[in-house]
Amino acid sequence: MVEKFEFDPLENAIDFLEKAHSYYKNFGCKHRFKWVCISLHGALYGFAVTNVKLGNPLNTIHTRKWNLLSIMKILEMCKKEEFIQSINGKALVLTEKQAAAIVRLNEYRNTFSHFGVSGYSVIGSLDDIVDPVLEVIKFLSIESNRIIYSTKQKIKLERTLLLFENEVKTSK
């Protein structure tokens, strides 16, 4: 069977956010922490890339062919006023808590995705990462006013964010 699969960074970001939420609420999943971190990282990266690309998911951000910029460099670009070309667009400003959560999320994701160690244990609360990173994702995806959505994408994003935020609030 031949299938057609189309996506762009914005669709990917929304999908990653949905997957992060799905794993977040699945307490029976042995690898819940890992999959939430990987998916949340993918969502953050996708929304940051689309944010910098001025809302156009078809633009490409890279240093040279097939060498994409790191999430930390893309987030730095989201902070720069000169990238704002939309009416009422806003630059990213991170709190210390958000910045620390992103650094930890990035470290976890890199360890999980690149097999940095042969064994790994994490003691702590997933919410210390999820809550502040969700705040950043909400800003980048909605409050920055820099991304253009179809009606279907906007509804899907807003529904997922609302469900995810409520899930995090009730777990505290």
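The values are calculated or read from the model by the stated rules, or taken from the named source; none is laboratory data. Because the structure is a prediction, the values reported are computed rather than measured. So basically every Cβ, Gly included, is an ideal-geometry build from the backbone, and we count neighbours across all protein chains shown. What goes into the accessible areas is simple: the full protein's heavy atoms, side chains included, and nothing from ligands, DNA or RNA. Shrake-Rupley method; radii C 1.70, N 1.55, O 1.52, S 1.80 Å.
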_Which order do you get for LYS53, LYS73 if you rank them by accessible area with a 1.4 Å probe, largest at the top?_
LYS73, LYS53
_HIS31 paired with LYS90, simple spin-label distance in nm, labels 7 Å along Cα-to-beta-carbon_ = 3.7
*Among 27-36, 152-161, 13-22, what's the highest-first ranking by average C-beta atoms within 10 angstrom per residue?*
13-22, 152-161, 27-36
*Considering only Cα-Cα distances, which of the following residue pairs are longer than 18 Å: LYS19/LYS53; LYS79/LYS138; LYS53/LYS90; LYS25/LYS172; LYS53/LYS79?*
LYS19/LYS53
*When ranked by the protection proxy of mean other Cβ atoms within 10 Å per residue, highest first, what sequence do the peptides 96-109, 125-138 form?*
125-138, 96-109
*In degrees, nearest 10, range 0 to 90: what is the angle between the Cα axis of helix 9-24 and the longest Cα principal axis of the chain?*
20
